[in-house]
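Visitor: Sending over a structure as structure tokens; questions will come in a sec.
The values are calculated or read from the model by the stated rules, or taken from the named source; none is laboratory data. Computed from a predicted model, the values in this text were never measured in an experiment. Methodologically, a virtual Cβ is constructed for each residue, glycine included, from the backbone with ideal geometry; neighbour enumeration extends over all protein chains shown.
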């Protein structure tokens, strides 16, 4: 009994010991595993550290290269900035030394005042001086660069304009020519451009010069004398849109600026007394009435030649004078209607203004055809004087009227055979004649509007 008790009493102790040993072994095993993991992780971290140290070294090396390159670029930037400032300074100096102010004038619209034109060469010099002075005065108020030079170009059709001036009693052709000579001779940079008789030739040239000068960098201001013509609106609007508005200044001539030009709201320079304020009448004007409303054709051109002996003309002329003096016209008229109080037997003039002087006997005026045509006057009812020689002034008036009357030969497309022909071989309006297209112009020859 005692033996069995002893055996049974030691078994629990053994089991407890074994359990402790087993647990210790498991704990020891886990500890070894943790230590192994830590060592492995440590090795990984050491490798990563070495890798990062290598990367860091590479980055430091690259940073050093970048800093070196940055320094080089900074030096280049500084050199370029210095070069830029030098070029800018030279460019500003060039612009200041070569700064331009350009005056572009449409001479058919910017017409100088009569006082200047009648003074001939002296008037041209005074007009150039006044224009230059006023332009410089305007620019001084606009921070003008020092040394600015003024270029002035006037575009016009000389022959057409001088005819208009002469017909309107502004000046003679010689006075106008002398004025132009004085104007261009007043300054080396002042010039007159005769564009000929082409339709709108001045407009086309003026637009091209306007565009060219406005775009030039050394141009400070462009004074444009074309505000009277809506045709320049497109060119001015285009330059304004492109950013050149600050350069453009309108040089006003006529009192009224063209409507479309006015919408641009460009600055305007007005020089009182330099240009004519109102437009001239460009139509041919006869100085006095003449009996022949249409050109008389010579023998063999759609009518027979009438007898016109000296005695017949004298008798007819004297009878006409006696009858007409009793019924002398009371006032002037135009082609819009009949003369108030005029004798209905007298042919009326069309397409020309009739100027009757109160103190002058209308029927004592010399006959234009009698004194200027080789064929003489063919009208048996002509009320004008055939007998007395015209005074020098009357002779000039007759020639002026004749130039506005078509040559009977050229008007019939026949070569003129007269040795000296005072009658018009071409329409005074030239290609710009608006009446020709409406079949209202009395110059009907094929070559009279070329």
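Visitor: Is it the case that some residue within region 285-305 is at pLDDT 80 or above, surrounded by 12 or more Cβ atoms within 10 Å (Cβ to Cβ) and in contact with a helix residue (DSSP H, G or I) (Cβ under 8 Å, 6 or more places away or on another chain)?
Guide: Checking region 285-305: not a single residue is at pLDDT 80 or above, surrounded by 12 or more Cβ atoms within 10 Å (Cβ to Cβ) and in contact with a helix residue (DSSP H, G or I) (Cβ under 8 Å, 6 or more places away or on another chain).
Visitor: Could you list, in sequence order, all residues of region 171-187 that are within 27 Å of the chain's Cα centre (by Cα), more than 24 Å from residue 133 (Cβ to Cβ) and either buried (at least 20 other Cβ atoms within 10 Å of the Cβ) or touching a residue at least 12 places away in the same chain (Cβ under 8 Å) (or both)?
Guide: Passing the criteria: only 177.
Visitor: Any chance region 78-97 includes a residue that's buried (at least 19 other Cβ atoms within 10 Å of the Cβ), out of contact with any strand residue (DSSP E or B) (no Cβ under 8 Å at 6 or more places or on another chain) and either assigned to a helix (DSSP H, G or I) or modelled with pLDDT of 95 or more (or both)?
Guide: No, that holds for no residue.
Visitor: Answer yes or no as to whether residue 161 is in the same structural domain as residue 184 (by TED's automatic domain parsing), in a helix (DSSP H, G or I), modelled with pLDDT of 90 or more and farther than 14 Å from residue 186 by Cβ.
Guide: Considered against the rule, which asks whether it is in the same structural domain as residue 184 (by TED's automatic domain parsing), in a helix (DSSP H, G or I), modelled with pLDDT of 90 or more and farther than 14 Å from residue 186 by Cβ, residue 161 comes out as no.
Visitor: If I filter region 258-271 for residues that are within 26 Å of residue 433 (Cα to Cα), surrounded by 14 or more Cβ atoms within 10 Å (Cβ to Cβ) and in contact with a strand residue (DSSP E or B) (Cβ under 8 Å, 6 or more places away or on another chain), do I get at least one hit?
Guide: yes
Visitor: Which residue is nearest to residue 366 (Cα to Cα), if the candidates are limited to region 401-450 and must be without any contact (Cβ under 8 Å) to a residue 40 or more places away in the chain, in contact with a helix residue (DSSP H, G or I) (Cβ under 8 Å, 6 or more places away or on another chain) and not in a loop (DSSP other than H, G, I, E, B)?
Guide: Per the criteria, the residue is 402.
Visitor: List every residue pair whose Cβ atoms lie under 8 Å apart, where the two residues are 6 or more positions apart in sequence or sit on different chains, the first residue falls within region 100-128 and is at positive phi, and the second residue, located anywhere, is surrounded by fewer than 23 Cβ atoms within 10 Å (Cβ to Cβ).
Guide: 120/174; 120/175; 120/178; 120/182
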